[in-house]
Amino acid sequence: MPNAQEYLNQNYPLAEREKITKLEIVQKNLRGSLKIENFPNLTELNCSYNRITELEIINCPKLANVDCSHNLITKFKSFHPEALVSLNLQDNNFPEQHLTFLKDFVNLTTLKLASYDKKKIEKGIYNRFIGSLKPLWNLEKLTSLDISNTDIDSGWEYLPESLEKHFYCRTDERAEAKVSEIFNVLASPRYYYDYGGSYIYMNYYTLSNWRKDNYELVEAVMDEKEEAKGILPEPEEVEPTPTKEKLQKLKQENQSLQLQLKKTQEQFKQFLEAYITEKKEQIDNLLISEGKGNSKRGNNWLSKIKELIEQLSSSNSSTAVKSLEAEIGEEKLNKLRLLQEELKSLEEIKLEQQFEAKVEIASK
């Protein structure tokens, strides 16, 4: 019985491996572990019907199709899982394990994990895959899957939508196989015509029909899948969250502050009007008191003073200052000038407020 690795190295030396695109070593009675290594252009590998116990694929980036069925394989590893399109692990001797070792084979279209060889099964040699099919949910190109006679018992709802008709989970060779849990859920009665001329009753199962009847569960799985990828769908209705409640409260507080500000502005406007009036009265009183003290001048004198005041900001301001100093004295003139400057500032504030009010109205 030849050693598998020795056979490969003797018949396919490293110098010739670059030329090989298809490798068939079927029914050579090969035993032991095998490394398929440094075949840069290899696209197909068939090493079925041997006694290989371990298979490792290294530096074969173009390898798309692997058939290593009908061996004694307990361990399989590929360093380019994304390159594989078809993988046949049927009728081997995998120990009890989940399907997580297959999660990176994202481009597979065909995957065979079943055990059908009755003689080997009777000797306790079969694939002991267990648990859920969920690790395969990223295999979105999968169109054919066979898990017959294994102990995989759940997770069919996670299988990709691409898998519709060719999903097999029979228990013909292992009545105790836990895959019956899936079969019994998906089974529906159907008749077929056998070659003996009679109709025989059988169970026929379809994954696509189950999806139609359980669309809510399928949608929940799709949401879970999108969430796992970091894609969160927009909910139709969202319950109030503490953040939104806080935002609403801030909006209400802002409205209250706006009302308070408007009220304060009105109060300031009224105060400003009263203050301007008061200043004007102080100026008038100052002049009137001076006029009363000089009764000979009377109203003509008061008119003259007001005229001189108006000239304070004109080109004749120096003449007006001298005339006012002569008429009312330097002290009262300084007081009058201070009142005039304060009045001017107040008038500017008033004009600025009026302008802001007009801008606010125009922006609404």
The answer for residue 78, listing residues at least 5 apart or on another chain whose modeled amide H is closer than 5 Å to its amide H, is 57
In the stretch 114-186, lysine pairs 8 or more places apart or on different chains with C-alpha atoms under 25 Å apart total 8
Between residue 100 and residue 212, how many nm apart are label points set 7 Å from Cα along the C-beta direction? 3.7 nm
Hey, got the dipole for the stretch 1-85? About the Cα centre, +1 on K and R Cβ, -1 on D and E Cβ, debye to the nearest 20? 140 debye
Among the trypsin sites (Lys or Arg not before Pro) in the stretch 30-139, which ones are in a DSSP loop with at most 13 other Cβ atoms within 10 Å of the Cβ? Mind listing them? 62, 123
Cα gyration tensor category, rounded, prolate or oblate, for the stretch 85-161 with a/c compared to 1.5: prolate
In nm, to one decimal, how far is the modelled label at residue 168 from the one at residue 46, with both set 7 Å along Cα→Cβ? 1.7 nm
Expressed in nm to one decimal, what extension gain is obtained for the pair residue 14 and residue 80 from 0.36 nm per residue of sequence separation less their Cα-Cα distance? 21.8 nm
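Computed from the coordinates by the stated procedures, all read-outs in this text should not be read as laboratory data. Computed from a predicted model, the values in this text were never measured in an experiment. A quick note on method: Cβ atoms are made from the backbone with ideal geometry, for glycine too, and the neighbour counts reach across all protein chains shown.
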